[in-house]
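Undergrad: Here you go, one structure.
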Amino acid sequence: MAPLVCIVTLNWRGADDTLACVESLRLLTYSNYRILMVDNGSGDDSVVRIAEACPDIDLMETGANLGFAGGCNVGIRRALALGADYVWLLNSDTRADPGALTAMVELAEADAGVGAVGSLICDRANPERVLAWGGGRVDLRFGWSTHALARVADAELDYLTGASMLLRTRALEEVGLLDERYFLYWEETDLCYRLREQGWRLAVAPGSRVLHRAPESSQRRLRQKDRHFNQSAVRFLFRYAKHPWPAVLVGGSLRFCKRLLRGEFGRARAVVRGLFCGLRQRHS
C-alpha cells in the first residue's frame with residue numbers, strides 16, 4: 001500500500017478559497033491520503049460551510065486564532081495520531097495539480113535522507129509565473145530572505161515554503177513540530193533549519209506544481225504582513241545568526257528604507273513596530 005499522507009490545510013475566514021482547494025485535492029492521482037482541515041478560530045460561517053460541503057473530511061476547530069504554526073500543529077498532531085507516514089502542509093489559497101502529491105512522495109520514498117519536499121509554486125492568476133522554486137535562501141549576516149525563482153540545486157535551499165511542504169513524520173518526531181512562538185512567517189524556515197541541523201535534507205519535486213494566490217495588495221494586509229514578518233524575523237535571527245544584532249538592524253533598516261522610498265509610510269511604521277515587538281519578545 002502507498003504511504004499514508006495527511007494533508008493539513010488551515011482555514012481562517014477563507015471558506016471560498018478553502019473549498020476550491022479541497023476540490024483540487026479530489027483530483028489528485030495519489031491513492032492514499034486524508035484531508036485534515038483546521039479552522040483557526042475564523043468566527044464566521046466557515047465551519048458550517050466547510051462541514052456541509054465536505055462531510056467526508058476531518059474538520060477540527062481551534063477555537064481561537066493560533067497563528068500559522070499553532071493552527072498547523074493541531075493538524076500535524078492529529079496526523080501523527082493517525083499513523084501518517086507524511087504530512088503535507090498546504091495553504092488553503094492554493095490549487096494543486098493532480099500529480100503534485102505523487103511527485104513529492106515518489107521523491108521522498110526514493111531517498112530516506114530527505115526530511116521535507118517542496119513544490120514548484122506558481123501564480124494562480126498567471127500560472128507561468130514562478131513565485132518560488134520550492135523555497136529559498138537566508139542571509140544570516142544581513143537578516144534577509146529571498147525565494148528562488150528558477151531551478152536551483154536542492155543543497156542551495158535553506159528553507160521550503162510552507163505553502164506546500166511534504167514532511168516525513170519520522171523527521172518531525174525527531175526535531176519537533178512548528179515553533180508556536182512564531183505567530184506568522186519564518187516558522188517553516190525555523191523548522192527547515194532544525195531539520196538540516198539534524199542531518200535531514202530538503203528537496204524540491206519538479207513535477208509537483210501548486211498554484212498559489214499572489215499576496216493581497218491592500219495596504220491594511222501589507223501592513224499586517226510587515227509587522228508579523230519583522231517580528232518573527234527577530235526571533236529567527238536571534239536563534240540562528242552568529243551576530244543577531246547587526247542582522248536585525250541591517251535587515252530591518254533595508255525593509256524600512258525600501259518602504260519609505262516608495263512613500264509607503266504606514267508600511268514603514270509597521271516594520272518598526274514589528275522589530276520592536278520582536279526585540280521585546282525575543283527571549284520569551
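Read the figures in this text as sums done on the coordinates, not as results from a lab. Since this is a predicted model, take the numbers as computed values, not measurements. Because the Cβ atoms are built from the backbone with ideal geometry, glycine has one as well, and the counts that use them run over all protein chains shown.
Undergrad: What trypsin sites (Lys or Arg not before Pro) does the range 32-134 have in DSSP loop regions with at most 15 other beta carbons within 10 Å?
TA: Hits after loop and neighbour filter: ARG129.
Undergrad: Another question, if that's okay. Work through the residues other than VAL138 whose Cβ is under 14 Å from its Cβ and net out their charges, Lys, Arg +1 and Asp, Glu -1.
TA: 0
Undergrad: Percent of Cα-Cα pairs more than 32 Å apart in the chain, please.
TA: I get 21 percent for the Cα pairs in the chain exceeding 32 Å.
Undergrad: How large is the charge dipole for the range 138-284, taken about the Cα centre, if only the Cβ atoms of Lys, Arg (+1) and Asp, Glu (-1) carry charge, to the nearest 20 debye?
TA: With Lys and Arg at +1 and Asp and Glu at -1, about 720 debye.
Undergrad: Which of the trypsin sites (Lys or Arg not before Pro) found in the range 144-221 are loop residues per DSSP with 13 or fewer other Cβ atoms within 10 Å of their Cβ?
TA: ARG151
Undergrad: Output the relative contact order of the chain, whole-number percent, from Cα pairs under 8 angstrom with separation of 6+ residues.
TA: Across the chain, relative contact order equals 19 percent.
Undergrad: How big, on average over all directions, is the shadow cast by the Cα convex hull of the range 219-281, in nm²?
TA: 3.7 nm²
Undergrad: Separate question: Quick one: LYS258, LYS225, fewest Cβ neighbours within 10 Å first, how do they rank?
TA: Starting with the residue having the fewest Cβ neighbours, the order is LYS258, LYS225.
Undergrad: Continuing with this model, one more query. Taking springs between alpha-carbon atoms closer than 10 angstrom, which of TYR159, TYR240, TYR86 fluctuates most in the Gaussian network model of the chain?
TA: Among TYR159, TYR240, TYR86, the largest GNM mean-square fluctuation belongs to TYR240.
Undergrad: To the nearest Å, what is the center-to-center distance of the range 131-157 and the range 235-284, using C-alpha atoms only?
TA: Between the Cα centres of the range 131-157 and the range 235-284 lies a distance of 19 Å.
Undergrad: Report, in deg cm²/dmol and to the nearest 500, the calculated mean residue ellipticity at 222 nm for the chain, where each DSSP H run with n ≥ 4 adds -39500 (n - 2.57) and the sum is divided by the residue count.
TA: -13500 deg cm²/dmol
Undergrad: For the Cα atoms of the chain, what angle does the longest principal axis make with the long axis of helix 219-240, in degrees from 0 to 90, nearest 10?
TA: 90 degrees
Undergrad: Using Cα pairs under 8 angstrom and six or more residues apart, how large is the relative contact order of the range 219-281, in percent?
TA: RCO, the range 219-281: 52 percent.
Undergrad: Exposed loop sites here are GluC sites (Glu not before Pro) in DSSP loop states with at most 15 other C-beta atoms within 10 Å. What is the longest stretch of the chain lacking them?
TA: 1-127
Undergrad: Only bridges with both residues in the chain count here: give the DSSP antiparallel percent, nearest 5.
TA: 45 percent
Undergrad: What nm value, rounded to one decimal, do you get for the distance between PHE265 and ARG201 when each label is placed 7 Å out toward the C-beta?
TA: That separation, rounded to one decimal, is 5.2 nm.
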